[in-house]
Amino acid sequence: MIERIISLSAKNIFLVLIASVILTALSLFSLKNISLDALPDLSPPQVILQISYPGQSPKIIEEQVSYPLISSLMSLPGINTVRAMSSFENGLVYIIFKDDTDIYDARSRILEQLSSILPTLPSNAKVSMGPDATGVGWAYQYILKSDKLNLAELRDYQDYYLKYGLLGVDGVSEVAAVGGFVKNYQLLIDQDKMVKYNVGIGEITAALKKNNQDRGGGVLLQNGYENIIQARGYATSVEDIENITIKVNGVVPLKLSDIGSLSLSPTPRRGVAEFNGEGEVVGGIVLVRYKENTYEVLQKIKAKIDSLKSEDVEIVTAYDRTKLIDRAIDTLKSTLIEESIIVIIITALFLFHFRSALVVVIVLPLTVLLSFWLMTLFDIGSNIMSLGGIAIAIGAMVDASIVMIENAHKHLAKSDGSKSRVEIIIDSSKQVGRPIFFALMLIVVSFLPIFALEGQEARLFSPLAYTKTFAMLIGAVLSITLVPVLMILFIKGEIKKEESNPINRFFAFLYTPVLKLFLKLKYLVIVLSIAAIAYIYPLYNSQKWEFMPQLNEQDFMYMPVTPYGISIELAYELSHETNKIIKSFPEVDTVFAKAGRANTATDPAPLAMIETIITFKDESLWREGMTYERLMAEMENALKIKGLINSWTYPIRGRIDMLLTGIRTPLGIKLYGDDNKVLEDVASKIEQRLKTTPLTLSVSADKSNSGYYLDIEIKQDALSRYGISKQEILDTVSFGVGGLGVSTFIDGLKRHPISVRVDADQRDDIDKIKELKVKTKSGFLPLRMFADIKYTEGASVIKSEKGMKVSFVYITPKSGVSVDEYKKEAAALLEKIELPKGYYYEFAGQSEYLESAKKRLGFIVPIVIISIFVLIYFALGDVKNSLIVFFTLPFAVLGGLLYIDFLGFNLSVAVIAGFLALLGIAAETAIVMVIYLDEALGEKGTSHEEAIIKGAAGRLRPKLMTVFATLGGLIPIMYIDGVGSEVMQRIAAPMIGGLVTSAILTLLIIPVLYSLRKS
């Protein structure tokens, strides 16, 4: 079949060329529409529900809202897990679906389920669905500065002007705000006046609700026209609110202004922002919609911000992923160009024929372009992983073309004139077309285990697997269609013999005597080969494992752990102090700290969590010798602040980890149980034990049970005695102390709450709260008569997962310590901790992903190895020859391991991806050798050994060309240091090391094995 395709292509040159031109045009057009981002989105399909229950404690939210939601949503199909976090006034429920779930289908299912749950929840609890965005969606952050507007006015500017302007940008899912003050019209009540005028809290709140609303009255038909009737009752000014009548004493109205004063004050805050150590600011976070073209959306966002700027407000960028995307794409783009040039130069040097080199010059960029076209068809964005797939395939994708061109040269050089030039080219193409086509298919098949991965590792590596597969498939197809046509068009004129090229003569001069020596010492060579293969086992066992090397995003995320229960004022002070220290480093451009939550469901941060985004100046402005690693170490030393436990990550990585596992460090432990106090105690024991290992950089356990409460326990007998209900006590607490919102003040587009609260000097300590007045039939009595009031400690944040309460231990291993190494050490240390019955822990974060990947690969890799052998057999059609080729694979693995060990890299999913790519390439080189050995042995007039030397040394050029072309396509990767270089180098390293050893095997040991087999 392959031979027939080659013949048909050679006969229909015009059609092949036209098809190539059309596909090239389509590919160039597709480049305009391809999505650009720095990394693939690693988030699973998940939907976040946001709970708002003003004034309520974590326990109330957990029991009354979070738990009913979890128990109902767990029954949905395709659910992987449901996780919840309840804190003061807020809660988040994460519904994480299996990987094959469509995110919008999942959202529809949840909306259906919510319609039956919401009526059963408390009326004041509001449940809303989070945006259709993920952690990767936090692509642009900015702050607002002004000399004329205060923080409350800047927050209004953000919430009612900038937000709506940016939401109009196509591709933006949500615009969140953090910091500043949300205005609140607060009626401060004087309790003495309440007693004087005999007015209770309930009467005041009822008056506000009844006197601040609009109603419609239908229409009045008059003279053939409709007049819409509207009754305007909303307050339009502070005076309107103050003049609301509570009741009338005789003929004298009692107004709100008679029992209190209305003031403009901020609502209680759960988040604060600080910039550059200069002071508090208002911040904005723009979330890009799921699966949108991040780069394109960012350009639109920045253009929109430019159009929205005003003279009074300066909008300063705090984080812009555009720079990261540009750096990532530029790094790999320059690598692709370098690799392509090297491959073309190698081809030209070995062939010494410019026209022949033109074939590779045309095929190589065309293969890359067609790969981009397939990326758009399969909706794969351009990022460091997808471009990396093309980068590692650059040399291998033209191997078939190189072998076919070289074989045509060989046949044309020794032609006796009995066949035309075109016939010789077609015949030579047919001779190697089939085995080389299957060899390229073998490279494709060897990468199939990547497609079998699941979870985060699949989302990370599937773009790379797809693009590498696209490149190899296209290279294989072009080798039997376009390449024969181009050879007919370009390979003309004098074709010099292989030995006339000084480069070929040099390598043949080195190679031939070594080959003869190996053939003489064939049995010793076999013994040494077996010993080398046996060395793989101890070498492999000495390697450390990690899930993935940390990707340096070239922006830092500093996330110190602070004590639970801290106030917003203390959170701001810590943010301000750490920002000043970080900003003092000359390499730092901006420092944007956020303590607590932004108003988005994608932000689970409590007040105790500080997230600081650090961006840097251009590296040319850095101190001499400074690196990102050294800079992070210096910052770590400078930020030794009492009460803070430092942890470091990167903006995208940290956001994904928090939303995916709830753990913000590379490694963590999830401790499950049913009592928060016990969970905290056990977590503290784990923390103390892990601090004893030298592998730990930092470790901290959740102190989630260390919240501080003022408990008001209502006494039913006292209520019964005075004939009042619990509602009246609850209203006194929620309105009088908590300042719960009663109504809304509408000011154009702006909406601000109106709340009722007792004067601060009548409620600012426990003794004054005990004396709060409650209206009864017997007059006003103090709150202490109806409730026991005391200080207690309890959970400040309640986390649950898998239907159980959970507590986290956050772990950052020291630099150079792999996650797998740390986990083994930690597991041994924790064996001595006795867990209460019903309690258990599991490692989470990167160790969780690593275990999943290893299990999956352990199952699929053996199947793929068998498939590789079958394809080798299809290529050669001989079982014994196939076994000889198959023998190259362990040698390739040995070389890869040796090079990995030399570089000090840990084994990881990226390294395994490199080994899988290596297996196919190594087998391809060996197949080429066996083809030429068979051809030489079939010629008459030569002895057995001479034929083997002729087939090996006489056809050295194609083998060296394929090896050098592939190496030339990989070596530039080892010298890049831009974004994504960490992953790409770990994929390329085993391929380089394995190619070297498998080339030695192919050139020296396969002829020995072949000689033994034929003799």
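The values are calculated or read from the model by the stated rules, or taken from the named source; none is laboratory data. Since we're looking at a predicted model, the values are computed, not measured. Here the Cβ is made from the backbone with ideal geometry for all residues, glycine too, and neighbour counts use every protein chain on show.
Filter segment 811-859 for residues that are of a type outside the set (A, V, I, L, M), assigned to a helix (DSSP H, G or I) and either more than 21 Å from the chain's Cα centre (by Cα) or under 25 Å from GLU629 (Cα atoms) (or both) and give the result.
Pass one, segment 811-859, residues of a type outside the set (A, V, I, L, M): 812-816, 818, 820-825, 831-832, 834, 836-843, 845-849, 851-852, 854-856, 858-859.
From the residues that got through so far, the ones that are assigned to a helix (DSSP H, G or I) too are 820-825, 846-849, 851-852, 854-856, 858-859.
Across segment 811-859, the qualifying residues are ASP820, GLU821, TYR822, LYS823, LYS824, GLU825, GLN846, SER847, TYR849, LYS855, GLY858, PHE859.
Looking at ILE390, is it over 22 Å from the mean Cα position of the chain (by Cα), hydrophobic (A, V, I, L, M, F, W, C) and buried (at least 17 other Cβ atoms within 10 Å of the Cβ)?
Details: over 22 Å from the mean Cα position of the chain (by Cα): no; hydrophobic (A, V, I, L, M, F, W, C): yes; buried (at least 17 other Cβ atoms within 10 Å of the Cβ): yes.
It is false that ILE390 is over 22 Å from the mean Cα position of the chain (by Cα), hydrophobic (A, V, I, L, M, F, W, C) and buried (at least 17 other Cβ atoms within 10 Å of the Cβ).
Under the condition of being farther than 19 Å from ASP190 by Cα and in a strand (DSSP E or B), which residue from segment 769-793 is nearest to the chain's Cα centre (by Cα)?
Going residue by residue through segment 769-793, those that are farther than 19 Å from ASP190 by Cα are 777-778, 785-793.
When the remaining residues are screened for being in a strand (DSSP E or B), the result is 787-793.
Numbers: ALA787: 50, ASP788: 50, ILE789: 47, LYS790: 46, TYR791: 43, THR792: 40, GLU793: 37 Å.
Filtering first and then ranking leaves GLU793.
Do any helices (runs of 4 or more DSSP H) lying entirely in segment 192-279 carry at least 2 residues that are of a type in the set (Asp, Glu) and in contact with a strand residue (DSSP E or B) (Cβ under 7 Å, 6 or more places away or on another chain), and which ones are they? Full working, then the answer.
Values: elements: 201-210, 238-242, 256-259.
Qualifying helices (runs of 4 or more DSSP H): none found.
Just name the residue that is surrounded by the most Cβ atoms within 10 Å (Cβ to Cβ) out of those in segment 564-585 that are closer than 19 Å to MET632 by Cα and β-branched (Val, Ile, Thr).
Among those residues, the one meeting the criterion is THR578.
If a residue must be more than 20 Å from TYR709 (Cβ to Cβ) and either touching a Gly at 6+ places or on another chain (Cβ under 9 Å) or exposed (fewer than 12 other Cβ atoms within 10 Å of the Cβ) (or both), how many such residues does segment 742-759 contain? Please lay out each step first, then the result.
Our first condition is that a residue be more than 20 Å from TYR709 (Cβ to Cβ); within segment 742-759, this holds for 742-756, 759.
Right, trim to either touching a Gly at 6+ places or on another chain (Cβ under 9 Å) or exposed (fewer than 12 other Cβ atoms within 10 Å of the Cβ) (or both) and you get 748-749, 753-756, 759.
The number of residues fulfilling the criteria is 7.
Would you tally the residues in segment 542-586 being within 30 Å of ALA458 (Cβ to Cβ) and more than 29 Å from the chain's Cα centre (by Cα)?
Here the count works out to 1.
When the residues of segment 173-194 are filtered to those that are under 27 Å from VAL47 (Cβ atoms) and not small (Gly, Ala, Ser), which remaining residue is modelled with the lowest pLDDT?
Across segment 173-194, the extreme among qualifying residues is VAL182.
Output the number of the condition that THR776 fails; it satisfies all remaining conditions of (1) farther than 30 Å from ASN198 by Cα; (2) out of contact with any Lys or Arg (no Cβ under 9 Å at 6 or more places or on another chain); (3) β-branched (Val, Ile, Thr).
The single condition THR776 does not satisfy is (1).
Could you figure out which of (1) within 30 Å of VAL316 (Cβ to Cβ); (2) at pLDDT 90 or above isn't true of LEU254?
Of the numbered conditions (1) within 30 Å of VAL316 (Cβ to Cβ); (2) at pLDDT 90 or above, the odd one out for LEU254 is (1).
Has segment 698-716 got at least one residue that is assigned to a helix (DSSP H, G or I) and either in contact with a Gly (Cβ under 8 Å, 6 or more places away or on another chain) or assigned by TED's automatic domain parsing to the domain that holds PHE585 (or both)? Before you say what the answer is, go through the steps one by one.
Taking segment 698-716 and keeping what is assigned to a helix (DSSP H, G or I), we get 716.
Those left that are additionally either in contact with a Gly (Cβ under 8 Å, 6 or more places away or on another chain) or assigned by TED's automatic domain parsing to the domain that holds PHE585 (or both): none.
Scanning segment 698-716, I find no residue that is assigned to a helix (DSSP H, G or I) and either in contact with a Gly (Cβ under 8 Å, 6 or more places away or on another chain) or assigned by TED's automatic domain parsing to the domain that holds PHE585 (or both), so the answer is no.
Looking at (1) under 26 Å from GLY738 (Cβ atoms); (2) buried (at least 17 other Cβ atoms within 10 Å of the Cβ), can you tell me which one LYS126 breaks?
For LYS126, the failing item is (2).
In a helix (DSSP H, G or I) and either modelled with pLDDT under 75 or buried (at least 22 other Cβ atoms within 10 Å of the Cβ) (or both): does that describe THR942? Quick ask: steps written out before the conclusion?
Working: in a helix (DSSP H, G or I): no; either modelled with pLDDT under 75 or buried (at least 22 other Cβ atoms within 10 Å of the Cβ) (or both): yes.
Taking the combined requirement at face value, the residue does not satisfy it.
Among the residues of segment 972-984, what is the count of those that are at negative phi and touching a residue at least 60 places away in the same chain (Cβ under 8 Å)? Break it down stepwise before answering.
Restricting attention to segment 972-984, the residues satisfying the condition of being at negative phi are 972-979, 981-984.
Now drop any that are not touching a residue at least 60 places away in the same chain (Cβ under 8 Å), which leaves 972-973, 976, 978-979, 981-984.
Looking only at that region, the number is 9.
Of the numbered conditions (1) part of a loop (DSSP other than H, G, I, E, B); (2) in contact with a strand residue (DSSP E or B) (Cβ under 9 Å, 6 or more places away or on another chain); (3) within 25 Å of VAL806 (Cβ to Cβ), ILE724 satisfies every one except a single condition; which is it?
Every listed condition holds for ILE724 apart from (3).
Collect the residues in segment 108-135 that are in contact with a Ser or Thr (Cβ under 8 Å, 6 or more places away or on another chain), within 14 Å of VAL47 (Cα to Cα) and in a helix (DSSP H, G or I), keeping them in residue-number order.
GLN113, GLY135
Just one of (1) under 28 Å from LYS691 (Cα atoms); (2) more than 34 Å from the chain's Cα centre (by Cα); (3) not β-branched (Val, Ile, Thr) trips up PHE874, so point out which.
(1)
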